[in-house]
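The values are calculated or read from the model by the stated rules, or taken from the named source; none is laboratory data. Just so it is clear, the model here is predicted, and its values are computed rather than measured. Counting neighbours? That spans all protein chains shown, and the Cβs are built from the backbone with ideal geometry, glycine included. We work out accessible area using only protein heavy atoms, side chains counted, and drop any ligands, DNA or RNA first. Shrake-Rupley method; radii C 1.70, N 1.55, O 1.52, S 1.80 Å.
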Amino acid sequence: MTNRKLNDKAAEWICALELTGKRNEAYPHYRELFHSIVKTEATKQRRAASAGLFLMQTDQPAIWTKMITDEIVVYHAGNPLQQLLIYPDGTFEERIVGADILSGEIPQSIIPFGTWKFQRLLDPSDPESFGLFGSILIPA
């Protein structure tokens, strides 16, 4: 988690959206909104889906993560998110999840199981930048 003070707008959003929990160290401002009660047919253990919100800041540390499920990341507001993806077949892709569609940004990104993912908020020149995103995990 970042050591600096949040800017006022980010702090207000975190409070209003109740982003108090964390999914892991990479997402200190996270809130689960939905966790399916349906178990997957394949494992009988994992929930079919979950959904949540996360707020990322420019100075938040980014780490490589191997996806253990499929994920859909959805842009909501603020700065765009850069994703670097290495797929199980070894191919590489860079995506920008954001609102500027005409510049090549996409409003949502689907990341399949087994993909290595690295994501960070864009605009490192502004240390108070932040972005709000949704995350849907299938299965949860």
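Structure notes:
- Filtering the stretch 50-101 to residues that are open to solvent by 20 Å² or more (accessible area, probe 1.4 Å), in a loop (DSSP other than H, G, I, E, B) and within 24 Å of GLU128 (Cβ to Cβ) leaves THR58, ASP59, PRO61, ALA62, ILE63, ASN79, PRO80, ALA99, ASP100.
- Any chance THR2 is modelled with pLDDT under 70, surrounded by fewer than 16 Cβ atoms within 10 Å (Cβ to Cβ) and more than 24 Å from PHE113 (Cβ to Cβ): yes
- Residue in the stretch 76-112 that is farthest from the chain's Cα centre (by Cα), counting only those that are within 23 Å of LEU17 (Cβ to Cβ) and among the polar types (S, T, N, Q): ASN79
- Of the residues making up the stretch 102-139, those that are closer than 18 Å to LYS66 by Cβ and either of a type in the set (Lys, Arg) or surrounded by fewer than 16 Cβ atoms within 10 Å (Cβ to Cβ) (or both) are ILE110, PRO112, PHE113, GLY114, TRP116, LYS117, PHE118, ARG120.
- Leading residue by the ranking (modelled with the highest pLDDT) among those in the stretch 102-140 that are among the aliphatic types (A, V, I, L, M) and in a loop (DSSP other than H, G, I, E, B): LEU122
- LYS44 open to solvent by 70 Å² or more (accessible area, probe 1.4 Å), more than 23 Å from PHE130 (Cα to Cα), at pLDDT below 80 and in a loop (DSSP other than H, G, I, E, B): yes
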